[in-house]
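Okay, structure first, notes after.
The values are calculated or read from the model by the stated rules, or taken from the named source; none is laboratory data. Fair warning: this is a prediction, and the values are worked out from it, not measured in the lab. FYI the Cβ positions are ideal-geometry reconstructions off the backbone, even for glycines, and counts take in every protein chain you see.
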Amino acid sequence: MARPEFEDLVDTFAFLDDWEERYRHVIDMGRQLPPLDESERVPATKVEGCASQVWLVPEIAGEGEDAVLHFRGESDAMIVKGLIAVLRTLYDGLTAQEARAVDAQAELGRLELQDHLSSQRSNGLKAMVARIQDIAARA
């Protein structure tokens with residue numbers, strides 16, 4: 001089961017009439033993210049496999065299976081920054097165990113993102129999900 005915030009996003013996408021409105025909504029979500037400090041945009045936080053520059057900064061509270069995952073992120077591309085915001089609605093605040101159990105492809109499929117992103121953006125989204133799953137596995 002997805003987080004309530006993600007369920008709200010699914011409902012919002014269903015309410016919006018067309019993909020252009022959804023695209024604008026994703027971009028607006030990204031604009032609301034606070035920027036990372038320059039010191040956080042380092043190779044250790046950079047996500048490889050994205051056409052644009054992407055950084056994810058994990059913040060883990062606790063240890064083991066019950067560790068709670070939070071992350072912040074930034075990109076130099078507006079739509080990608082929006083995708084980071086979408087992933088935050090899906091993962092942020094879950095325990096490591098819950099995060100590993102998320103079927104991101106199925107959940108994001110409910111938003112029909114795969115039908116409207118370029119192959120490069122889709123690959124970047126997969127790379128971000130893989131990074132979050134890796135963070136959860138190491139928590």
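The set of residues from segment 27-55 being closer than 20 Å to A130 by Cα, hydrophobic (A, V, I, L, M, F, W, C) and either without any contact (Cβ under 8 Å) to a residue 40 or more places away in the chain or not in a loop (DSSP other than H, G, I, E, B) (or both) comprises V42, A44, V54, W55. For G73, the stated conditions hold: it is of a type in the set (G, A, S) and in contact with a Phe, Trp or Tyr (Cβ under 8 Å, 6 or more places away or on another chain). Look at (1) farther than 22 Å from A139 by Cα; (2) at pLDDT below 95 and you find that S75 fails only one, number (2).
The set of residues in segment 66-90 that are among the charged types (D, E, K, R) and either touching a residue at least 60 places away in the same chain (Cβ under 8 Å) or not in a helix (DSSP H, G or I) (or both) comprises R72, E74, D76. Selection over segment 1-26 of residues that are crowded, with 17+ Cβ neighbours inside 10 Å and part of a loop (DSSP other than H, G, I, E, B) gives a count of 2.
Evaluated against (1) under 15 Å from the mean Cα position of the chain (by Cα); (2) on the phi > 0 side of the Ramachandran plot, H70 falls short on exactly one condition, (2). The set of residues in segment 91-112 that are crowded, with 21+ Cβ neighbours inside 10 Å, hydrophobic (A, V, I, L, M, F, W, C) and in a helix (DSSP H, G or I) comprises A96, A99, L108.
When the residues of segment 119-129 are filtered to those that are surrounded by fewer than 18 Cβ atoms within 10 Å (Cβ to Cβ) and either free of Cβ contacts under 8 Å to residues at least 12 places away in the same chain or within 12 Å of the chain's Cα centre (by Cα) (or both), the one that is farthest from A61 (Cα to Cα) is S119. Can you find even one residue in segment 81-93 that is more than 30 Å from E20 (Cα to Cα) and hydroxyl-bearing (S, T, Y)? For segment 81-93, residues more than 30 Å from E20 (Cα to Cα) and hydroxyl-bearing (S, T, Y): absent.
When L117 is tested against the conditions (1) over 17 Å from F13 (Cα atoms); (2) modelled with pLDDT under 95; (3) of a type in the set (A, V, I, L, M), the lone failure is (1). Among the residues making up segment 1-26, those that are touching a residue at least 60 places away in the same chain (Cβ under 8 Å) and of a type in the set (F, W, Y) are F6, F13, W19, Y23.
Listed here are the residues, each with its yes/no results for (1) within 14 Å of the chain's Cα centre (by Cα); (2) modelled with pLDDT of 95 or more.
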{"position": "A2", "(1), (2)": "yes, no"}
{"position": "D11", "(1), (2)": "no, yes"}
{"position": "D18", "(1), (2)": "no, no"}
{"position": "E40", "(1), (2)": "no, yes"}
{"position": "V47", "(1), (2)": "yes, yes"}
